[in-house]
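Structure, as structure tokens:
Each value in this text was obtained by applying a stated rule to the coordinates, not by laboratory testing. Just so it is clear, the structure is predicted and the values come from calculations on it, not from any experiment. Methodologically, a virtual Cβ is constructed for each residue, glycine included, from the backbone with ideal geometry; neighbour enumeration extends over all protein chains shown.
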There are 2 protein chains.
Amino acid sequence: MRLLGRVPAWQRRTDRFRHPAQVIASSFALAVATGTLMLSLPAATASGERADTVDALFTATSAVCVTGLVTVDTGSYWSGFGQAVILLLIQVGGLGIMTLATLLTVLLSRRLGLRARFLAQAETKSLDLTDVRGVVRRIVLFSLGCEAVVAAALTARFLVGYRESAGSAVYHGVFHAVSAFNNAGFSIHADSLTRYVDDPWVNLPVAAAVIVGGLGFPVVFELARHWRRPTRWSVMTRLTVALTVALLVAGTLALTAAEWSNDRTLGPLDAPGKLLAGFFASVMARTAGFNSVDIGALRPESLLATDILMFIGGGSAGTAGGIKVTTFGVLGFALWSEMRGETHVNVGHRRIPPSNQRQALAIALLGIGAVMTATLTLLAMTTHTLDQVLFEATSAFATVGLSTGITADLPQRAELLLIVLMFAGRIGPLTLASALALRERNRRFELPEERTIVG
Amino acid sequence: MRLLGRVPAWQRRTDRFRHPAQVIASSFALAVATGTLMLSLPAATASGERADTVDALFTATSAVCVTGLVTVDTGSYWSGFGQAVILLLIQVGGLGIMTLATLLTVLLSRRLGLRARFLAQAETKSLDLTDVRGVVRRIVLFSLGCEAVVAAALTARFLVGYRESAGSAVYHGVFHAVSAFNNAGFSIHADSLTRYVDDPWVNLPVAAAVIVGGLGFPVVFELARHWRRPTRWSVMTRLTVALTVALLVAGTLALTAAEWSNDRTLGPLDAPGKLLAGFFASVMARTAGFNSVDIGALRPESLLATDILMFIGGGSAGTAGGIKVTTFGVLGFALWSEMRGETHVNVGHRRIPPSNQRQALAIALLGIGAVMTATLTLLAMTTHTLDQVLFEATSAFATVGLSTGITADLPQRAELLLIVLMFAGRIGPLTLASALALRERNRRFELPEERTIVG
Ligand SMILES: [K+]
Ligand SMILES: [K+]
């Protein structure tokens with residue numbers, strides 16, 4: 001079960017096929033490979049010529065990892081078939097991460113031992129731990145249901161507000177709904193959603209899909225059960241809900257204030273329009289990747305604020321990326337406890353075990369390391385500014401997909417670096433968290449402990 | 001002893017005069033206030049006019065906190081008296097931090113309890129814990145001794161190599177030696193040490209003073225005693241020596257490679273000159289603040305690499321700034337142990353207690369928070385780029401004193417922000433570490449534990 005370090009050869013061999021971390025990595029690699037092959041078919045491009053292999057690999061990785069960075073314009077470069085492949089890859093990637101992460105939660109609960117399990121079930125009435133097939137079915141139904149509702153809302157708006165033909169409205173509605181719920185950020189339009197910047201009938205359904213998809217299935221499931229009784233929520237749900245609200249409010253205020261008088265972004269809008277666009281930008285930073293204003297025209301303080309939001313990301317076991325709000329929350333509480341001189345880290349009458357804190361630390365440090373290394377390398381490879389390169393690296397690592405516009409101009413080796421970063425950013429925190437948590441030994445029970453997934 | 005949180009009023013009142021953290025903060029504030037008053041005298045400026053109060057405050061803070069950022073040119077703006085005040089403030093600040101930090105180490109060892117103390121003494125033959133006056137005397141003698149040797153070397157070089165007059169050579173030699181040993185980075189020359197870029201007889205003594213001063217007194221003391229027996233070194237000494245060497249080598253290689261063909265920095269030099277200048281830049285980033293090439297002309301990847309080196313900083317209980325290599329090392333080992341699946345964090349046959357790991361986490365997180373907040377604020381206050389502003393904020397927080405050249409152009413409220421950042425960066429990690437460590441309760445002994453100061 002070790003990530004690193006010496007393990008006897010026989011154990012390595014048997015572990016290879018059993019460890020969930022490897023199952024996740026190889027499933028995603030398989031999906032990327034299949035996607036690359038399909039996008040390399042001549043029929044996948046609008047011109048009918050075979051796509052460049054790096055472009056196909058980049059697009060497939062970006063779609064499976066629900067990132068949304070693109071080296072070629074989705075709407076004009078790919079054919080209808082190519083776009084369908086991308087949509088399928090997004091759906092597979094989004095469902096895959098949700099399902100695998102939720103099943104890992106189940107697996108982790110099983111390993112907690114009888115007493116903890118009993119307490120956890122009694123306390124939170126969370127997912128039935130034995131019903132794996134039921135869990136998968138619920139996730140699929142929930143995803144498709146949300147996507148259908150948002151697709152219907154968007155289609156109606158495109159029909160009524162923009163007088164699109166029925167076929168076009170449905171296609172645009174479905175594509176953007178799937179892309180939004182899976183936090184993928186792919187758009188048919190080269191300028192993403194900038195044409196709808198002050199249209200709440202497009203912005204709000206997209207934002208709602210992004211937020212719900214980004215909460216993560218375990219949290220949504222628990223919210224659905226105990227909507228009115230927050231005292232029954234698990235630490236994971238409390239942290240996720242509180243931090244989602246806090247980051248959305250803080251992000252909206254910061255971005256709206258910073259861009260208020262920027263003529264190239266919010267400047268031309270009226271006050272409600274500014275607020276809507278600021279809110280939308282704040283939602284998309286975590287980590288959906290659509291944009292309704294030109295990211296390249298943002299002020300540097302807005303770019304850095306967005307970098308921070310992107311790095312933190314969304315909820316665990318959902319379609320959002322980043323180090324996750326739970327990781328951020330556990331570290332924040334650890335810091336707070338330390339400054340108060342408490343020996344234990346408590347979140348709402350529950351003690352976060354030290355091993356859980358160390359996992360959060362590991363995920364955050366490796367994330368900072370990955371983004372810094374990639375930024376340094378990209379700076380050396382290109383002539384772009386730190387603003388642009390840090391944004392691009394953070395966006396790739398946190399699978400956000402926003403860009404200041406440099407993605408298509410990057411040299412091929414920089415694109416390969418981003419591919420690695422997207423893949424590592426998507427499966428890294430999850431596999432790391434599961435590898436670390438599964439390996440952990442049970443020790444003494446002092447207080448009823450409770451685990452929150454970090455990463 | 002709490003930093004935050006509710007404490008009975010009587011306890012707050014008595015604690016106010018006893019807590020070492022408050023002693024440190026108020027000593028430094030007093031030194032800054034005295035320095036500001038002296039630099040506000042008309043006699044302190046070359047023109048004979050009263051200096052602007054913010055400039056006086058900025059310079060006094062920069063000197064006491066041994067940072068080296070300046071809003072006015074040290075050599076031309078201040079009179080001989082003003083420069084002497086600055087030199088005195090540097091010496092007071094440098095000796096102050098060394099003495100207070102070393103005494104805190106003593107205080108901490110006392111609190112460890114008899115058994116741990118016995119083990120620590122028997123094991124490491126470290127400082128005699130009862131002899132406070134002796135410790136202070138040794139620190140003063142050691143500092144003045146190092147400064148005298150370096151001043152003599154520099155004076156000889158200025159006399160022989162640059163044909164300066166005796167008075168000028170001695171003055172320049174002493175000023176730069178004191179500034180170097182205290183990691184202050186103040187220079188008489190407006191362009192720092194760029195005129196000596198390829199002169200090893202100036203660069204090497206300055207680099208040696210910076211490195212020795214930045215190791216910290218406890219480490220130097222232990223090295224002097226057990227030079228040939230690294231197995232007897234404490235964790236603090238091992239971490240400090242290993243990481244100092246590793247960061248110097250990595251920094252030299254990275255900066256030399258990145259700037260090799262940059263016509264505005266290393267480009268015009270021959271190969272040994274490039275290596276010397278790269279080495280010098282790497283030493284100065286941690287966290288001395290002299291420069292032999294124009295920082296504003298560095299490539300963006302070099303600036304970011306320097307940011308990282310500056311943030312990590314030098315040794316604890318020395319004149320260097322940053323979060324300190326011990327903090328960085330403890331976090332690195334915690335990450336490594338976590339990835340190997342070990343429940344304890346071991347460094348060279350010693351277990352780092354969890355409370356120690358949490359202190360390192362707190363210091364690093366607060367440091368990242370301070371630099372990010374300051375960078376965001378400075379970006380909003382000015383029109384400078386992220387490159388420049390991140391560098392300036394990191395340089396101020398880590399009390400480095402390097403600058404891309406924007407310090408003097410900043411609006412006054414940005415200068416006030418830098419003053420706060422320098423002060424917090426200088427006393428923050430130390431007081432935080434001591435506040436956290438002193439408050440900690442003794443619990444069970446499992447293995448012989450050993451403490452390394454972080455921050
Ligand atoms: K995305
Ligand atoms: K300095």
Item checked: Ranking of A:SER234, B:SER62, B:SER179 by count of other Cβ atoms within 10 Å, fewest first -> A:SER234, B:SER179, B:SER62
Notebook entry, point to check: If we sort B:253-260, A:182-189, B:264-271, B:39-46 on the protection proxy, mean other Cβ atoms within 10 Å, highest first, what's the order?
Noted result: A:182-189, B:253-260, B:39-46, B:264-271
Margin query: Just checking the output field for A:337-345: average partner chain Cβ neighbours within 10 Å of each residue's Cβ?
Written below: 6
Item checked: Protection-proxy order for peptides B:161-168, A:337-344, A:197-204, each taking the mean of Cβ atoms within 10 Å per residue, highest first -> A:197-204, A:337-344, B:161-168
Check: Using a label position 7 Å from Cα in the Cα→Cβ direction, what is the ascending list of nm distances from A:VAL140 to the same site in the other copies?
Finding: 8.0
Notebook entry, point to check: Inter-copy label distances at A:ILE308, 7 Å along the Cα→beta-carbon direction, one decimal in nm, shortest first?
Noted result: 2.2
Notebook entry, point to check: Tell me, what ³J(HN,Hα) does each residue in region B:168-184 have, in order and in whole Hz, if you take phi through Karplus 6.51 cos²θ - 1.76 cosθ + 1.60 with θ = phi - 60° and put x for Gly and Pro?
Noted result: 5, 5, 5, 4, 4, x, 5, 4, 6, 5, 5, 4, 6, 4, 8, 6, 8
Checklist line | Simple label model, 7 Å out from Cα along Cβ direction - B:HIS349 to A:SER47, nm | finding: 6.7 nm
Notebook entry, point to check: Can you pull out the trypsin sites (Lys or Arg not before Pro) in region B:189-231 that DSSP calls coil and that have at most 12 other Cβ atoms within 10 Å?
Noted result: B:ARG228
Checklist line | Inter-chain shielding of A:293-300 (mean C-beta neighbours from other protein chains, 10 Å cut-off) | finding: 2
Next item on the list: Measure out, as a whole number of angstrom, how far apart the alpha-carbon centroids of region A:146-173 and region B:241-284 sit.
Entry: 58 Å
Next item on the list: Return the average number of partner chain Cβ atoms within 10 angstrom of each residue Cβ along peptide B:348-360.
Entry: 2
Next item on the list: Calculate the spin-label point distance for A:ALA190 paired with B:ARG195, positioning each point 7 Å from the Cα along the beta-carbon direction, and give it in nanometres.
Entry: 5.7 nm
Item checked: Listed residues A:VAL72, A:THR326, A:ALA246: farthest to the positive end of the dipole of region A:20-439 (Cβ charges) -> A:THR326
Notebook entry, point to check: So for region B:21-439, taking the charge dipole from beta-carbon charges (+1 Lys/Arg, -1 Asp/Glu), which of B:VAL132, B:VAL23, B:LEU276 sits furthest toward the positive end?
Noted result: B:VAL132
Next item on the list: May I ask for the distance between the Cα centers of region A:19-46 and region B:59-88, given as a whole number of Å?
Entry: 61 Å
Checklist line | Extension reserve of the A:VAL245-A:GLU342 stretch, reckoned as 0.36 nm per residue once the Cα distance is removed | finding: 32.2 nm
Next item on the list: Express in nm, to one decimal, how much length is gained between A:ARG232 and A:ALA156 on full extension, taking 0.36 nm for each residue of separation and deducting their alpha carbon distance.
Entry: 23.5 nm
Notebook entry, point to check: Which distances in nm, rounded to one decimal and ordered from shortest, link the label point of B:ALA84 to the equivalent label points in the other identical copies, with labels set 7 Å from Cα toward Cβ?
Noted result: 8.8
